[in-house]
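The values are calculated or read from the model by the stated rules, or taken from the named source; none is laboratory data. The shown structure was predicted, so the numbers you read here are calculated from the model rather than taken from an experiment. When we count neighbours, we look across all protein chains shown, and the Cβ atoms used for this are built from the backbone with ideal geometry, even at glycine.
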Amino acid sequence: MAGVDYFYIVIDVSESMQGNRIGAVNDAVNNIVFRLKRIKAAKGIIPQIISLTYSVDVQWSTPFPVDVVSFVYCDPLVVGKASNMAKALLELETKLDRQSQAVSAQESNTTIIYFTDGLVTDNLAEARDKLFNNRVYKEAKKIAVTFGDELTLDIAKENLLTILDSEKDIVVDDFVELNRIIFEQYK
């Protein structure tokens with residue numbers, strides 16, 4: 001039986017992501033889905049995708065991960081001024097906990113990709129603590145794609161470092177680098 005690779009895509013849809021930023025995210029996600037479909041055919045893995053959007057509220061695209069062939073990405077709308085990343089992280093932790101109960105680590109790989117400008121309006125401490133105690137999260141490959149200008153980029157990186165393993169996991173508006181990081185495991 002082929003291995004299952006889970007891809008969690010977490011997208012900030014707060015007001016600060018409007019315009020070119022959300023457009024770039026949509027292009028990047030569509031590219032990731034396209035490439036995963038090709039990898040499935042060539043390598044015999046089973047990519048499962050689920051996406052979550054957040055601003056004031058959190059919304060899952062599907063209630064559970066779906067095969068990449070069946071996954072339909074709908075360009076999300078930018079809504080709300082707040083960027084409640086902690087709320088999104090707590091939702092993510094709950095899904096990862098269910099995944100850990102359903103699938104053993106030997107049978108799967110997990111990649112979590114955050115698309116955000118990294119600016120948050122809630123406190124990340126509690127969510128971070130829960131995530132870092134989650135087995136699947138600890139073992140997952142985590143990548144954050146962030147956007148910003150010189151004034152906000154340092155704040156974004158500081159916030160993202162609280163939920164990632166290291167600064168090398170932060171990609172600044174570079175989708176070629178994002179693809180390299182995601183797909184190097186399938187060479």
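Data table
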{"item": "Members of the range 122-133 found to be among the small types (Gly, Ala, Ser) and crowded, with 17+ Cβ neighbours inside 10 Å, listed by number", "result": "ALA127"}
{"item": "The range 173-187, residues that are at pLDDT below 85, in contact with a strand residue (DSSP E or B) (Cβ under 8 Å, 6 or more places away or on another chain) and farther than 23 Å from TYR137 by Cβ", "result": "ASP173"}
{"item": "ALA125 being free of Cβ contacts under 8 Å to residues at least 40 places away in the same chain, touching a Leu at 6+ places or on another chain (Cβ under 6 Å) and not hydroxyl-bearing (Ser, Thr, Tyr)", "result": "no"}
{"item": "Residues of the range 96-121 satisfying the condition of being farther than 14 Å from VAL13 by Cα and either in contact with a Ser or Thr (Cβ under 8 Å, 6 or more places away or on another chain) or hydroxyl-bearing (Ser, Thr, Tyr) (or both)", "result": "LEU96, GLN99, SER100, SER104, SER108, THR110, THR111"}
{"item": "Output for the range 104-121, where each listed residue is surrounded by fewer than 16 Cβ atoms within 10 Å (Cβ to Cβ) and either under 12 Å from LEU160 (Cα atoms) or not hydroxyl-bearing (Ser, Thr, Tyr) (or both)", "result": "ALA105, GLN106, GLU107"}
{"item": "Any chance VAL145 is aliphatic (A, V, I, L, M), in contact (Cβ under 8 Å) with a residue 24 or more places away in the chain, in contact with a Phe, Trp or Tyr (Cβ under 7 Å, 6 or more places away or on another chain) and within 13 Å of THR116 (Cα to Cα)", "result": "yes"}
{"item": "Residue within the range 153-160 that is at negative phi and touching a helix residue (DSSP H, G or I) at 6+ places or on another chain (Cβ under 6 Å) present", "result": "no"}
{"item": "Residue match in the range 133-141 (condition: modelled with pLDDT of 90 or more, assigned to a loop (DSSP other than H, G, I, E, B), within 28 Å of ASP67 (Cα to Cα) and of a type in the set (A, V, I, L, M))", "result": "yes"}
{"item": "Filtered residues of the range 43-61 (kept if of a type outside the set (Val, Ile, Thr), closer than 18 Å to THR110 by Cα and either touching an Asp or Glu at 6+ places or on another chain (Cβ under 7 Å) or in contact (Cβ under 8 Å) with a residue 60 or more places away in the chain (or both))", "result": "LYS43, PRO47, GLN48, LEU52"}
{"item": "Options LEU52, LEU92, LEU96: the member that is at negative phi, modelled with pLDDT of 95 or more, surrounded by 15 or more Cβ atoms within 10 Å (Cβ to Cβ) and part of a helix (DSSP H, G or I)", "result": "LEU92"}
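So that you can scan it fast, the table gives a plain yes or no per residue for (1) over 23 Å from ILE155 (Cβ atoms); (2) part of a loop (DSSP other than H, G, I, E, B):
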{"site": "LEU77", "(1), (2)": "yes, yes"}
{"site": "THR110", "(1), (2)": "yes, no"}
{"site": "PHE115", "(1), (2)": "no, no"}
{"site": "ARG128", "(1), (2)": "no, no"}
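Rundown of residues vs (1) buried (at least 20 other Cβ atoms within 10 Å of the Cβ); (2) in a helix (DSSP H, G or I); (3) of a type in the set (D, E, K, R), yes/no style:
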site	(1), (2), (3)
PHE7	yes, no, no
ILE11	yes, no, no
ILE32	yes, yes, no
LYS37	no, yes, yes
ALA42	no, yes, no
GLN48	yes, no, no
VAL56	no, no, no
GLN59	no, no, no
